Amino acid sequence: MPPIRPNMQQFAYHEPTQPRAARTFKRILNTALDIIERENIDALNTNKIAKECGINISTLYHYFPNKDVILYALYEQWFQRVSEITLAHRTALKSKSDLKKCFTNILNDVLTIEDYSPKSAISLEQAMKSRSELAEYDNYITELSVEFYIEALSSLGSKKGYDEFVVIGSLLLVSVWGAIAAAASSPKSAYSMICEYAADMMVTTAKRALKD
């Protein structure tokens, strides 16, 4: 059963549709990511973002009431990109013979998401876990990710019980985050090798689920 999405109304933000306002909205998020990438999550605050964006603080607050809402928006949009990647590879994942290629492609796409470096993804994940209200959403995302792998393993014909599926799905997710963490402290030239090693571990884990 898919996890129930928590009520995150307190982190609602205004995403405009008009081109000029949409550009300002995106610039705020990209500036926040730049600060996280350049310094760290603790250096992030609304005044600094507004100053680097060249906008009035009241303009920023029109879209985002506070820093935590910006973090939530960044994480939500990052996960949306990840979801699009996994859905794009869902069909390939159903083929046992292509498991390593599929996992490698998924990992490579996750590490090269536009605007979101592995370092910023790790920083956002840590920030979500450190804030009790945001941690609830992070837990939801984790459960949703594990459910994706459970569904994929089931489609491959695995007959394991649900509890064992959860363990194996969790281990696959750990491998994904391990690759992101390794890439966060490595040059882009190392991404291919990181994806290969992580995919090997994921294949080994998945094969456990496919054993009778």
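Evaluated against (1) polar (S, T, N, Q); (2) within 25 Å of Leu33 (Cβ to Cβ); (3) more than 12 Å from the chain's Cα centre (by Cα), Ser123 falls short on exactly one condition, (3).
Checked against the criterion of being in contact (Cβ under 8 Å) with a residue 60 or more places away in the chain and crowded, with 20+ Cβ neighbours inside 10 Å, the candidates Leu134, Leu172, Leu156 yield just one match: Leu134.
Of note, Glu143 satisfies the criterion of being under 13 Å from the mean Cα position of the chain (by Cα), among the charged types (D, E, K, R), at pLDDT 90 or above and surrounded by fewer than 20 Cβ atoms within 10 Å (Cβ to Cβ). Taking each residue of the stretch 1-22 that is on the phi < 0 side of the Ramachandran plot and looking for partners that are assigned to a loop (DSSP other than H, G, I, E, B) with beta-carbon atoms closer than 7 Å, six or more apart or interchain, yields Tyr13/Phe64; Ala22/Pro16. Pairing residues of the stretch 90-103 that are closer than 14 Å to Ala209 by Cβ with residues that are at pLDDT 80 or above and not in a helix (DSSP H, G or I), at Cβ distances under 9 Å and at least 6 apart in sequence or on separate chains, gives Phe103/His89. Where helices (runs of 4 or more DSSP H) fall entirely within the stretch 60-163, those with at least 2 residues that are more than 27 Å from Val203 (Cα to Cα) are at 67-88, 118-130, 132-155.
The values are calculated or read from the model by the stated rules, or taken from the named source; none is laboratory data. The model shown is predicted, which means the values in this text are computed figures rather than measured ones. Note that we place each Cβ from the backbone using ideal geometry, even for glycine, and neighbour counts take in every protein chain shown.
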